[in-house]
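Down below is the structure, laid out as C-alpha cells.
The values are calculated or read from the model by the stated rules, or taken from the named source; none is laboratory data. Just so we're clear, the structure is a prediction, and the values are computed from it rather than from any experiment. Because the Cβ atoms are built from the backbone with ideal geometry, glycine has one as well, and the counts that use them run over all protein chains shown. Keep in mind that these areas ignore ligands, DNA and RNA; they rest on the heavy atoms of the full protein, side chains included. Shrake-Rupley method; radii C 1.70, N 1.55, O 1.52, S 1.80 Å.
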Amino acid sequence: MGAPALKADVFQAISDPTRRKMLKLLADREMPIAAITEAFPLSRTAVNKHLHVLADAGLVRSQKAGRETRYTLQPEPLAEIQQWLSFFERYWDERLLALKRLVEADNDKD
C-alpha cells in the first residue's frame, strides 16, 4: 500500500489568477468542464490542470454525471486563508488609524 497523497497547499492553489476566477465562477453553481472552459481563453487541457490543482487543495469537488465531469466549489479550505489574514488585520487597523490621525491633523492646520 502506497503512502497517502499529500493535500496541495490552499495558498499555492489560489496564487494563480485563473484559479481564483474559476473559484468565483463556481461560487454560485455546479458547472461542467465544458462550460468552465468557455469562460476562459484556455484549452480544455489547461482548464483541467487548473481544476486538478484546486481539487488537490480541496477547493473544488468533481463528480461524474454521465459523460461529463461537473465541478462544485468547496469553500471550507478558504477558512485557513481567512484565519491567516485575520492575524494581520491589527496591522492594517493600526495603519488606517495612523492615516486618519495624519489627515485630521492636516485638516486642523487649515
Task: The one condition in (1) open to solvent by 40 Å² or more (accessible area, probe 1.4 Å); (2) among the charged types (D, E, K, R); (3) modelled with pLDDT of 90 or more that residue 19 fails to fulfil - done: (1)
Task: Breaking point among (1) in contact (Cβ under 8 Å) with a residue 12 or more places away in the chain; (2) exposed (fewer than 14 other Cβ atoms within 10 Å of the Cβ); (3) out of contact with any Asp or Glu (no Cβ under 8 Å at 6 or more places or on another chain), for residue 28 - done: (1)
- [ ] Please name all residue pairs, on different chains or six or more residues apart, with Cβ atoms under 6 Å, provided the first residue is in the stretch 36-56 and is of a type in the set (Val, Ile, Thr) and modelled with pLDDT of 95 or more and the second residue is in a helix (DSSP H, G or I) and surrounded by fewer than 19 Cβ atoms within 10 Å (Cβ to Cβ).
- [x] 37/44; 47/37
Open item on the list: Just checking, does the stretch 71-82 include any residue being in contact (Cβ under 8 Å) with a residue 60 or more places away in the chain, surrounded by 12 or more Cβ atoms within 10 Å (Cβ to Cβ), assigned to a helix (DSSP H, G or I) and not aliphatic (A, V, I, L, M)?
Closed with: yes
- [ ] Only one of these is among the aliphatic types (A, V, I, L, M), surrounded by 14 or more Cβ atoms within 10 Å (Cβ to Cβ) and touching a Ser or Thr at 6+ places or on another chain (Cβ under 9 Å): 10, 47, 53. Name it.
- [x] 47
